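A short worksheet on the structure shown next.
The values are calculated or read from the model by the stated rules, or taken from the named source; none is laboratory data. It should be emphasised that the depicted structure is a prediction, and the values quoted were computed from it without experimental measurement. Neighbour counts are summed over all protein chains in view; Cβ atoms, including those assigned to glycine, are modelled from backbone coordinates with ideal geometry.
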Ligand code: HEM
């Protein structure tokens, strides 16, 4: 067909009338039209008040699993077809890079694992993945429980005072506290502290999100980039975060040097089970800039995503009291008032389905970004190198072609005794953690973290949308946020008798816990 194209353009240069050429090439079956990716018409800017992935859903229903969207000189391919998504992510990942994403995130993640491509990515992935081994994840349960317990204390105070709470920001702080400890053994204590490093982290995060939805790269405009007060603030925040990270790296290096003679199996250290400790103790040979980029990447990747999952899970639960009742039932009978352990994960089956289903309806991030590095074929369409591609996980997860009652929050859609749904057993119609070689490395960590948080919270409290709360609408940066927060009324549950769960072997109860309402049965 490229021969036909050449022939056609050659003949047209020689002066053959266009109509005649169209006729001849259609007649010989040589028309390329059927190989041309459908082009979405109409203006997307007309729909300003919605997050950008919403109009893409409408366009998907009209134009199908792959279409082209053009804004002025820029054009994007929007993919919503599971087999094309699988091709890009799993079957031919070598032909794709992170494209625009890497450009936008460069200022904060540098060549960290999410934006990195090619050889750097390969080497860093190989170094970092082992740090999230099973023992590490198991060692995180205490952390998940303690951090959630701190949040419970906050909610308890709010319940006593009869004050409504804005859950989205609390979830953001919960997951920041967890990921700080997990990645570099640093306690942000952001549930209680607001200033300094916590504020700096948020400044940097908001900037990353602003950049990812900016129509033009305002941070590259000459002069402006040097005088803009906002960018000055961002740079100051970035400096503080970087210095803090350098300090933590130095402390950890010292620790690793001192323990050298007796280092542990799998480089685990009970005092510091962090990913940073693992990397240093395992002799990861890397520049300090690269290490910092990777830590920053892990911090951001593991923070916003989990926070968003918790936010939308509680939003969904508030709309489906029957799901909440079932969930609380399971948690009461499996856990009572213990902190969850790794053994409980197999038993909290319905809780797991609630998270699975929340991730289906609110995938974080809602689109995956790629750029083609060479010519390829997507479905039946040839594409060129240098195409910017959005894989809409939102569309895949809500497609009426793949899901019954796609819009309904229905954890029952996956049987409790069936396999945990993932991209492989759902044929890329469901890919909450991506797929292929660039799949999320924190999937276990994040699943357990969110299961623990949900279980502990619903065990102790009931959650309702606050009276007069603003309607919950979506807005987007890297993950899906609410536009005006998730304002809820939290009340202590009148708890059923604790059902002791005798077949759980070692139960570690922290005697300092002292949760008053737990005993007041
Ligand atoms: C990649 C989702 C939590 C670290 C990804 C990708 C998705 C994802 C969809 C693939 C991105 C792409 O292909 O473009 C999530 C969700 C989370 C979560 C929904 C929470 C519920 C975490 C956590 C960590 C983490 C806790 C770290 C501890 C990463 C990293 C990558 C990644 C490093 C890049 C991997 C690579 O490119 O090789 N995540 N993630 N994520 N995630 Fe997560």
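Suppose we filter 150, 125 for residues that are modelled with pLDDT of 95 or more and under 30 Å from residue 470 (Cα atoms); which single one remains?
From the options 150, 125, the qualifying one is 150.
Hey, among the residues in segment 273-303 that are part of a loop (DSSP other than H, G, I, E, B) and more than 16 Å from the ligand (Cβ to nearest atom), which one's surrounded by the most Cβ atoms within 10 Å (Cβ to Cβ)?
282
Taking residue 310 as the residue in question, decide whether it is away from the ligand (no atom under 16 Å from the Cβ), within 25 Å of residue 142 (Cβ to Cβ) and surrounded by 20 or more Cβ atoms within 10 Å (Cβ to Cβ).
So residue 310 fails the test.
Name every residue in segment 473-490 that is touching a helix residue (DSSP H, G or I) at 6+ places or on another chain (Cβ under 6 Å) and either at positive phi or surrounded by fewer than 20 Cβ atoms within 10 Å (Cβ to Cβ) (or both), in order of residue number.
Scanning segment 473-490 gives 477, 485.
Can you confirm whether residue 153 is under 20 Å from residue 280 (Cα atoms) and surrounded by fewer than 20 Cβ atoms within 10 Å (Cβ to Cβ)? Walk me through it before giving the result.
Details: under 20 Å from residue 280 (Cα atoms): no; surrounded by fewer than 20 Cβ atoms within 10 Å (Cβ to Cβ): yes.
Spelling it out, it is not the case that residue 153 is under 20 Å from residue 280 (Cα atoms) and surrounded by fewer than 20 Cβ atoms within 10 Å (Cβ to Cβ).
So if I check each of 138, 158, 195, 147, which one is closer than 22 Å to residue 440 by Cα and either in contact (Cβ under 8 Å) with a residue 40 or more places away in the chain or away from the ligand (no atom under 12 Å from the Cβ) (or both)?
138
Looking only at segment 323-343, which residues are within 23 Å of residue 419 (Cβ to Cβ) and assigned to a loop (DSSP other than H, G, I, E, B)?
Result: 340, 341.
Each row is one residue, and each column tells you yes or no for (1) without any contact (Cβ under 8 Å) to a residue 60 or more places away in the chain; (2) in contact with a strand residue (DSSP E or B) (Cβ under 8 Å, 6 or more places away or on another chain); (3) exposed (fewer than 12 other Cβ atoms within 10 Å of the Cβ).
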residue	(1), (2), (3)
210	no, no, no
216	yes, no, yes
228	yes, no, no
231	yes, no, no
238	no, no, no
243	yes, no, no
251	yes, no, no
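Results for (1) at pLDDT 90 or above; (2) loosely packed, with under 12 Cβ neighbours inside 10 Å; (3) farther than 30 Å from residue 482 by Cβ, shown as yes or no for each residue.
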position	(1), (2), (3)
3	no, yes, yes
25	no, no, yes
57	yes, no, no
76	yes, no, no
81	yes, no, no
96	yes, no, yes
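When segment 403-416 is examined, which residues are found to be surrounded by fewer than 16 Cβ atoms within 10 Å (Cβ to Cβ) and under 22 Å from the mean Cα position of the chain (by Cα)?
Those that are surrounded by fewer than 16 Cβ atoms within 10 Å (Cβ to Cβ) and under 22 Å from the mean Cα position of the chain (by Cα): 406, 407, 408.
Quick one: residue 368 ticks every box in (1) under 24 Å from residue 451 (Cα atoms); (2) within 12 Å of the ligand (Cβ to nearest atom) except a single one, so which number is it?
(1)
Go through the residues of segment 344-362 one by one and say whether even a single one is within 16 Å of the ligand (Cβ to nearest atom), under 26 Å from residue 55 (Cα atoms) and outside any helix (DSSP H, G or I).
Within segment 344-362, one or more residues are within 16 Å of the ligand (Cβ to nearest atom), under 26 Å from residue 55 (Cα atoms) and outside any helix (DSSP H, G or I).
If you check 446, 453, 478, 469, which single one turns out to be within 14 Å of the ligand (Cβ to nearest atom) and within 21 Å of residue 165 (Cα to Cα)?
From the options 446, 453, 478, 469, the qualifying one is 453.
Can you name the residue in segment 59-74 that is closer than 23 Å to residue 210 by Cβ and either out of contact with any strand residue (DSSP E or B) (no Cβ under 8 Å at 6 or more places or on another chain) or in contact (Cβ under 8 Å) with a residue 40 or more places away in the chain (or both) and is also surrounded by the most Cβ atoms within 10 Å (Cβ to Cβ) among such residues? Outline the logic, then answer.
The initial filter retains those residues of segment 59-74 that are closer than 23 Å to residue 210 by Cβ, namely 69, 71-74.
Now drop any that are not either out of contact with any strand residue (DSSP E or B) (no Cβ under 8 Å at 6 or more places or on another chain) or in contact (Cβ under 8 Å) with a residue 40 or more places away in the chain (or both), which leaves 71-74.
Details: 71: 11, 72: 5, 73: 5, 74: 9.
Only one residue tops the list, namely 71.
When you scan segment 315-326, do you find a residue that is within 16 Å of the ligand (Cβ to nearest atom), crowded, with 18+ Cβ neighbours inside 10 Å, closer than 29 Å to residue 477 by Cα and modelled with pLDDT of 95 or more, even just one?
Looking through segment 315-326, at least one residue is within 16 Å of the ligand (Cβ to nearest atom), crowded, with 18+ Cβ neighbours inside 10 Å, closer than 29 Å to residue 477 by Cα and modelled with pLDDT of 95 or more.
Listed residues 116, 195; which is over 30 Å from residue 467 (Cα atoms) and buried (at least 21 other Cβ atoms within 10 Å of the Cβ)?
Of the residues listed, the single one that is over 30 Å from residue 467 (Cα atoms) and buried (at least 21 other Cβ atoms within 10 Å of the Cβ) is 116.
Identify the residue in segment 427-443 that is buried (at least 21 other Cβ atoms within 10 Å of the Cβ) and away from the ligand (no atom under 11 Å from the Cβ) and, among all such residues, is nearest to the chain's Cα centre (by Cα).
This residue is 430.
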